[in-house]
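Please read the structure below before turning to the comments.
Here, each number is a calculation from the coordinates, and none is a lab measurement. Please read these numbers as outputs of a predicted model, since none were measured by experiment. With ideal geometry, Cβ positions are generated from the backbone for all residues, glycine too; neighbour counts draw on all protein chains shown.
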Amino acid sequence: MWHEERLLVDGELRDAGGGGVFETVNPATEEALGVAANATEADALAAVAAARRAFDTTDWARDHEFRARCLRQFHAAMERHLEEMRELTVAEVGSPVMLTHGGPQLEAPVASVKWVADMMDDYQWTEDLGEVEAYGGLHRRWIEREPVGVVAAITAYNFPVQLNLAKLGPALAAGNTVVLKGAPDTPWSALALGHLITNETDIPPGVVNILSSAENSVGEVLTTHPDVDMVTFTGSTATGRKIMAAASATVKKTFLELGGKSAYVVLDDADVEGAAAMSSFMICTHAGQGCAITTRLVVPQSMADTAAEVISATLAAIPYGDPTDPGVMMGPLINARQRDKVHNLVTAAVDQGATLAAGGKRPDHLPVGYYYEPTVLTGVGEDDLIAQEEVFGPVLAIIGYEGGDDEAVRIANNSIYGLSGAVSSADPERARAVARQIRSGTISVNGGLYYAPDAPFGGFKQSGIGREMGVAGFEEFLEIKTLAEPAA
């Protein structure tokens, strides 16, 4: 299988300091695919130093046309190696190959790099504020937008190509230099990008540095080093809190895309069977390993039994198993630890009084691989652990309500999270009105799909700070400088 095992530091593909490695495992077979360089604290320090030098001493930050050309080279390189990247993604991530075609697991994020390069062509880097009279004279004022500096990017395992490119693309387009640390469960997905950058683009040494590591000390360097100007992180809210605290000592800019416990709100005039079927497909997407997946179905109590029946029947018909099979919709969880976490949360939900309508265990027909049955729980209380904790597995909690739209909105907002959500109603205006009351960064109204390179993505509350993708995501990587001079 095509892959890269080495780090990218200062334009050189190299082994980790001391030659240390760690295994990357196929979650569908539980077999080791191979090894990746296990970066040390010294490697992280070298990467930060290279990024600092490249930002401070080269024209990368100022040459917009050169950056756009390099990004287009990077996009073309990924297009040439798309099938190798697809094979790698399916094997290392455990994602069904179905999700790599046109969706967020591979092809869409690759296309987003071209989108951001094209966006640069028309972007207004300066803005005229006109003249102002002060102290007896006229003064001309304007704004210039410039890169933040050295960006440390730390990503999660679930959609690694998407997450890595959603940070690399706009950060580089804005003129920053980057140290990217891929998730330890999916190191090859990050290191492959370093291979392409080194061999098939003109991106200068030090502009992009890519690390893989199983050592916590590497992340500590990236979040605390005074030469790092910004940290962008995707992962759990618990880790996001630690990163925010670590970055505060040097008052770094932070972008955090964190957890979610998104609600799918079904109103009393909705097609409950259609909404239930949609919920079934959602929780099976990448085995529920998505922060924006709707994992709470908030449905009128009178419709709850119907919803549970439809969901159970739908899940029974959804094919899951070998992710290399193009007909499979759901693959394994990433590792045994995550599978155990999912099962423990399901067990706790039953102990709290929920009823297991489907699933709830490791599938008998898949004795190898980190699989878990698609699971539905009914009779869930809105404050139960399963309704509040991010599970990150194929588990749906059905929560009934009695009090109309306001009650449904209140339950949907009863969460520390606010990443995504959905609303279903026969009346589009009613659905939009409810969607506007839900405190989440993205909302699907009657099945609408928002995911695209131009659509900002991010959360309210403890789902994060800032937005990724779109012009808003690009501008997260910019500083605004206001200048003034006497008017002529």
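How would the stretch 29-104 be classified by its alpha-carbon gyration tensor: rounded, prolate or oblate, with rounded meaning a/c under 1.5 and the a/b versus b/c comparison settling the rest?
Because a/c hits 1.5 or more and a/b fails to exceed b/c, the stretch 29-104 counts as oblate.
Ranking 38, 330, 276 by how far each Cα lies toward the positive end of the dipole of the chain (charges on Cβ) leaves 38 at the top. Counting only residues at least eight positions apart within a chain, or on another chain, the lysines with an alpha carbon under 26 Å from that of residue 461 are 167, 181, 242, 252, 253, 261, 341.
Answer rounded, prolate or oblate for the stretch 111-211, using the Cα gyration tensor with square roots of eigenvalues a ≥ b ≥ c: rounded when a/c is under 1.5, else prolate when a/b is larger than b/c, else oblate. It comes out prolate by the Cα gyration axes. Report summary: the helix-based calculation at 222 nm, which adds -39500 (n - 2.57) for every DSSP H run with n ≥ 4 and divides by the residues of the chain, gives -11500 deg cm²/dmol. Gap in Å between the Cα centre of the stretch 330-359 and the Cα centre of the stretch 410-475? Centre-to-centre (Cα) distance: 26 Å. Distant-in-sequence amide contacts of residue 39, defined by a placed amide H-H separation under 5 Å and a gap of 5 or more residues or a different chain, comprise 212, 213, 214. Here the calculated FRET efficiency for residue 14 and residue 66, from their Cβ-Cβ distance with R0 = 30 Å, stands at 0.75, rounded to the nearest 0.05. The 3J(HN,Hα) values that the Karplus relation (6.51, -1.76, 1.60; θ = phi - 60°) gives for the stretch 27-39 are, in residue order, x, 7, 10, 6, 9, 5, 7, x, 10, 9, 4, 9, 4 Hz. Gly and Pro appear as x. Charging the Cβ of each Asp and Glu at -1 and of each Lys and Arg at +1, and nothing else, the dipole of the chain about its Cα centre rounds to 660 debye. Extension gain, residue 80 to residue 430: 0.36 nm times the residue separation minus the Cα-Cα distance gives 121.4 nm.
Distant-in-sequence amide contacts of residue 255, defined by a placed amide H-H separation under 5 Å and a gap of 5 or more residues or a different chain, comprise 231, 232, 233. Ranked by the mean number of other Cβ atoms within 10 Å per residue, highest first, peptides 479-485, 230-236 order as 230-236, 479-485. The residues packed around residue 137, meaning those with a beta-carbon under 12 Å from its beta-carbon, carry a net charge of -2 if Lys and Arg are +1 and Asp and Glu are -1.
Summing Cβ point charges (Lys, Arg +1; Asp, Glu -1) relative to the Cα centre of the stretch 124-199 gives a dipole of roughly 320 debye. Length gained on full extension, residue 450 to residue 128, computed as 0.36 nm times the residue gap minus the Cα-Cα distance: 112.7 nm. Put +1 on the Cβ of each Lys and Arg and -1 on the Cβ of each Asp and Glu in the chain; which of 245, 367, 210 then has its Cα farthest toward the positive end of the dipole? Result: 245, furthest along the dipole toward the positive end. Mean sequence separation of contacting Cα pairs (under 8 Å, at least six apart), scaled by the length of the stretch 74-180, corresponds to a relative contact order of 26 percent. Note on residue 347 and residue 483: the model spin-label points, each 7 Å out from Cα along the C-beta direction, lie 6.4 nm apart. For the pair residue 302 and residue 58, what calculated FRET efficiency results from E = 1/(1 + (r/R0)^6), where r is the Cβ-Cβ distance and R0 = 60 Å, to the nearest 0.05? Step by step, r from the Cβ atoms, then E = 0.40. Remark: the residue 269-residue 362 segment gains 29.8 nm on full extension, using 0.36 nm per residue and subtracting the alpha carbon distance. Each listed q (0.20 Å⁻¹) maps to a log10 I(q)/I(0) for the stretch 1-130, found by the Debye formula over equal Cα scatterers with no solvent: -1.24. Shown in residue order for the stretch 241-254 are the 3J(HN,Hα) couplings computed by the Karplus curve 6.51 cos²θ - 1.76 cosθ + 1.60 at θ = phi - 60°: 4, 5, 5, 4, 5, 5, 6, 5, 4, 10, 6, 6, 5, 10 Hz (x for Gly and Pro). The order of the peptides 160-171, 284-295, 249-260 by mean Cβ neighbours within 10 Å, most packed first, is 160-171, 284-295, 249-260. Distance from the alpha carbon centroid of the stretch 100-139 to that of the stretch 213-280 works out to 24 angstrom.
Inter-label distance, residue 414 to residue 309: 2.6 nm, where each label sits 7 Å from its Cα along the C-beta direction. Among 202-210, 87-95, 381-389, sorting by the average number of other beta carbon atoms lying within 10 angstrom of each residue, highest first, gives 87-95, 202-210, 381-389. Does the chain classify as rounded, prolate or oblate by the C-alpha gyration tensor (a ≥ b ≥ c root eigenvalues; a/c under 1.5 gives rounded; else a/b over b/c gives prolate, otherwise oblate)? In terms of gyration-tensor shape, oblate.
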